[in-house]
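Note sheet for the following structure.
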Amino acid sequence: MLGTSKWSGGPAVVVLSMPGHWLFGVLAQNVWSFAGPQNAPRVNQFLLQYFVSYNFKGGWYIGSSPINTADWTQPKSEDTWTVPLGMCVGKIIRVGKQPVNMQLAYYYNVVRPTGSVPSGPYTIRFQLQLLFPKKR
């Protein structure tokens with residue numbers, strides 16, 4: 001149920017800027033299947049995640065980082081894209097000496113597949129990320 005049953009790979013690129021209290025960036029990637037069961041559907045999937053956030057004192061931030069996707073194998077164009085809009089709130093904390101990014105996000109999928117690919121109208125995302133900053 002989870003996954004594609006195919007080995008897939010492809011290029012990815014990320015661009016990031018941090019002027020002042022702001023963070024701006026974009027991540028883009030496309031993956032194609034290259035091996036796996038012949039009876040499993042082929043894979044050709046695109047991901048675009050833009051992110052913007054404003055950082056406050058005390059480690060708090062607000063922003064948006066929706067994950068836009070396209071499944072290029074869908075036969076109908078209205079089933080290709082998932083495009084969410086929404087926002088997130090987060091805080092950088094320490095667990096012992098380890099910095100951790102905690103984030104809670106809510107998105108509404110303004111465009112979503114109508115066909116065989118299940119995609120509900122809402123996404124609620126909770127993230128915990130271990131951070132490994134370089135010492136200066």
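The values are calculated or read from the model by the stated rules, or taken from the named source; none is laboratory data. Small disclaimer: the values here were computed from a predicted structure and weren't measured. Cβ sites come from the backbone with ideal geometry, for glycine too, and all protein chains shown count toward neighbours.
For the reader, a short list of remarks on this structure follows.
- All of Leu23, Leu27, Leu85, Leu48 fail the test of being of a type outside the set (Val, Ile, Thr), more than 30 Å from Lys134 (Cβ to Cβ), at pLDDT 95 or above and out of contact with any Leu (no Cβ under 6 Å at 6 or more places or on another chain), apart from Leu85.
- Count of the stretch 19-43 residues, restricted to those that are surrounded by 11 or more Cβ atoms within 10 Å (Cβ to Cβ) and either under 17 Å from the mean Cα position of the chain (by Cα) or more than 18 Å from Thr69 (Cα to Cα) (or both), is 14.
- The residue that is surrounded by the fewest Cβ atoms within 10 Å (Cβ to Cβ), counting only those in the stretch 68-82 that are without any contact (Cβ under 8 Å) to a residue 40 or more places away in the chain and not in a loop (DSSP other than H, G, I, E, B), is Ser77.
- Residue in the stretch 121-131 that is over 13 Å from the mean Cα position of the chain (by Cα), over 21 Å from Met18 (Cβ atoms), at pLDDT 95 or above and hydrophobic (A, V, I, L, M, F, W, C) present: yes
- Qualifying residue in the stretch 89-101 (condition: surrounded by fewer than 16 Cβ atoms within 10 Å (Cβ to Cβ), touching a residue at least 12 places away in the same chain (Cβ under 8 Å) and under 19 Å from Val26 (Cα atoms)): yes
- Residues within the stretch 102-136 that are charged (D, E, K, R) and exposed (fewer than 10 other Cβ atoms within 10 Å of the Cβ), tallied: 3
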